[in-house]
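Input: a single structure, listed below in structure tokens.
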Amino acid sequence: MPQNYFQKEIETMSAEEMKKLQSEKLVKQVKHVYENVPYYKNLMDEKGVKPEDIKGIDDLHKLPFLTKADLRDAYPYGLLAKPLKDCVRIHSTSGTTGRRVVAFYTQKDIDLWDDCCARAIVAAGGSNEDVCQVAYGYGLFTGGFGLNGGSQKVGCLTLPMSSGNTERQIQFMTDLSATILCCTPSYAAYIGETLKEQGYKPEDIPLKAGIFGAEPWTEEMRQGIQNTLGIKAYDIYGLTETTGPGVAFECSEQTGMHVNEDHFYAEIIDPDTGEVLPEGSKGELVFTSLDKEAFPLLRYRTRDICVLSREKCSCGRTLVKMAKPMGRTDDMLIIRGVNVFPSQIEAVLLKEGYEPNYQIIVDRVNNNDTFEVNVEMTADKFTDKVSDILAMEKSLANAMKIMLGINPAVHLVAPKSIARSEGKAVRVIDKRKLI
């Protein structure tokens with residue numbers, strides 16, 4: 001089977017050439033960040049490292065890490081490395097206590113991002129003869145814009161559907177013969193089930209491939225989507241902090257995602273000591289943006305647990321592969337593609353006059369995430385009047401939706417009814433089988 005590449009020279013570059021390219025970019029990037037981002041300059045000064053100490057990739061370990069806490073502390077402009085007049089767009093994700101992560105983009109940043117997503121689409125068999133239906137959300141979320149840009153770069157006819165309105169999704173998919181679907185895996189599964197209910201068989205559906213990311217999904221879920229839609233389902237990885245989807249993408253081998261390492265250098269570290277681990281070790285994934293202009297993060301700790309591999313791939317790409325993330329080193333949940341931290345729930349409860357005694361229950365039913373929050377009533381709010389309880393639950397759910405961007409089912413329960421062990425409530429019950 002012939003292999004297609006969007007940028008073959010990069011995607012099949014030898015390890016030696018790639019390291020040379022990465023080293024050249026890193027030296028320039030460190031100088032750029034040191035001279036233009038006082039926040040990061042202070043971190044480097046505290047660690048006693050200067051730009052001239054970084055002569056290539058082998059010196060990367062000398063640089064300090066960046067974490068989600070740094071992004072929160074530096075909000076909104078503290079990590080901006082270009083004048084605002086040079087920036088053309090932002091994207092954002094929710095922060096841990098309401099302070100959002102705002103990422104800035106120059107036009108060059110967007111062009112490089114489009115290239116990364118174009119590589120993913122071509123790896124999934126896409127070309128300028130395809131119709132690409134983008135059903136990720138648009139707006140501050142990176143998903144829609146990322147795959148939209150990549151699709152147009154490839155030359156696909158792009159359907160910018162955004163998420164939701166499944167009847168319209170199916171109408172456009174069938175009427176315009178969409179061949180590639182881009183959305184979250186849970187939404188792909190839902191579209192597949194809806195098509196099945198409407199009497200469509202896999203051979204009736206024009207789709208040939210899907211590019212699904214933004215939330216965890218299992219191999220069993222992949223097989224279910226492939227069988228229902230009659231497609232090959234490809235994984236894609238990204239995070240707003242570095243750019244969005246397209247940091248890494250899956251090829252036809254479906255055994256991990258190739259990192260676009262000419263733009264993003266990946267390390268695996270021991271999450272406790274920060275020590276860089278050898279290839280093949282399981283640890284925390286760290287990314288360095290090698291050529292992002294407006295919001296270049298150096299050694300950003302993703303909190304994702306993962307493994308990197310340079311085993312030869314049958315697709316011919318030499319880009320390092322990352323395994324599907326196997327968990328996290330923090331308490332973040334990904335629910336319906338949205339990052340949710342327990343601390344966000346606590347912030348809402350305190351603001352609304354409740355004690356932070358709560359429990360988050362997440363499950364996956366028919367390939368869709370369910371999201372419930374049980375909250376203990378305080379003595380002054382306790383009532384047995386059903387209409388009052390329903391009104392308080394609705395008000396709390398609305399406040400949480402404003403904070404999180406997704407709607408939980410809120411249940412008020414009696415004081416001290418949430419089980420505690422050793423004096424602490426179990427805050428999160430995640431019933432999903434994600435690995």
Item to check | Search result, residues across region 9-42 that are of a type in the set (A, V, I, L, M) and either touching a residue at least 60 places away in the same chain (Cβ under 8 Å) or farther than 13 Å from Thr288 by Cβ (or both) | outcome: Ile10, Met13, Ala15, Met18, Leu21, Leu26, Val30, Val33, Val37
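One line per residue, one yes/no per condition, for (1) closer than 27 Å to Lys8 by Cα; (2) touching a Pro at 6+ places or on another chain (Cβ under 7 Å); (3) modelled with pLDDT under 95:
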residue	(1), (2), (3)
Pro245	yes, no, no
Val259	yes, no, no
Phe264	yes, no, no
Glu279	yes, no, yes
Pro296	yes, no, no
Tyr300	no, no, no
Ser309	yes, no, no
Cys313	yes, no, no
Checklist outcome for this item: Among Asn367, Asn374, Asn357, the single one that is in contact with a Ser or Thr (Cβ under 7 Å, 6 or more places away or on another chain) and either surrounded by 17 or more Cβ atoms within 10 Å (Cβ to Cβ) or in contact (Cβ under 8 Å) with a residue 60 or more places away in the chain (or both) is Asn367
Checklist entry - Only one residue in Thr370, Thr383 is within 30 Å of Asn227 (Cα to Cα) and hydroxyl-bearing (Ser, Thr, Tyr). Which one? => result Thr370
Checklist entry - If we scan region 198-219, do we find a residue that is out of contact with any strand residue (DSSP E or B) (no Cβ under 7 Å at 6 or more places or on another chain), of a type in the set (A, V, I, L, M) and modelled with pLDDT of 95 or more? => result yes
Checklist entry - Within region 190-207, is even one residue touching a Gly at 6+ places or on another chain (Cβ under 7 Å), assigned to a helix (DSSP H, G or I) and surrounded by fewer than 17 Cβ atoms within 10 Å (Cβ to Cβ)? => result yes
Next on the checklist: Being without any contact (Cβ under 8 Å) to a residue 60 or more places away in the chain and more than 13 Å from His258 (Cα to Cα): is that true of Val348 here?
Outcome noted: yes
Checklist entry - When only residues in region 1-40 that are over 25 Å from Asp111 (Cβ atoms) and either surrounded by 15 or more Cβ atoms within 10 Å (Cβ to Cβ) or not assigned by TED's automatic domain parsing to the domain that holds Tyr75 (or both) count, which is modelled with the lowest pLDDT? => result Met1
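The values are calculated or read from the model by the stated rules, or taken from the named source; none is laboratory data. Owing to the predicted nature of the structure, the values given are computational and were not obtained by experimental measurement. When we count neighbours, we look across all protein chains shown, and the Cβ atoms used for this are built from the backbone with ideal geometry, even at glycine.
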